[in-house]
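One structure is given below, encoded as structure tokens.
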Amino acid sequence: MKAHTRKERKAYAMQRMAEAISRAIDADLPAEQDKAARWAAAWGMIGGIRSPGVRLKHSLLARSHRRPAR
């Protein structure tokens with residue numbers, strides 16, 4: 001497996017952030033816009049950009065990583 005450089009990881013995060021922004025713009029429902037905006041903020045954070053106006057909701061971003069209730 002090839003190790004990616006920091007520059008490559010940042011470029012990938014910026015690309016994914018741009019895609020999430022496009023999804024937010026094209027979304028029909030406010031809930032879809034909010035979710036896409038949180039994803040854009042998450043990818044931006046990975047890419048080194050901070051978004052003070054958007055809160056990341058772990059439960060929505062990482063729904064598949066949740067542990068089952070006991």
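The values are calculated or read from the model by the stated rules, or taken from the named source; none is laboratory data. Because the structure is predicted, anything quoted here is derived from the model rather than measured. The protein model used for the area step is the full one, side chains on, heavy atoms only, and it has no ligands, DNA or RNA in it. Shrake-Rupley method; radii C 1.70, N 1.55, O 1.52, S 1.80 Å.
Structure summary
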item: Gain in span if fully extended, D26 to R6, counting 0.36 nm per residue against the direct Cα distance; result: 4.2 nm
item: Surface accessible to a 1.4 Å probe, K35 within the full protein complex, Å²; result: 100
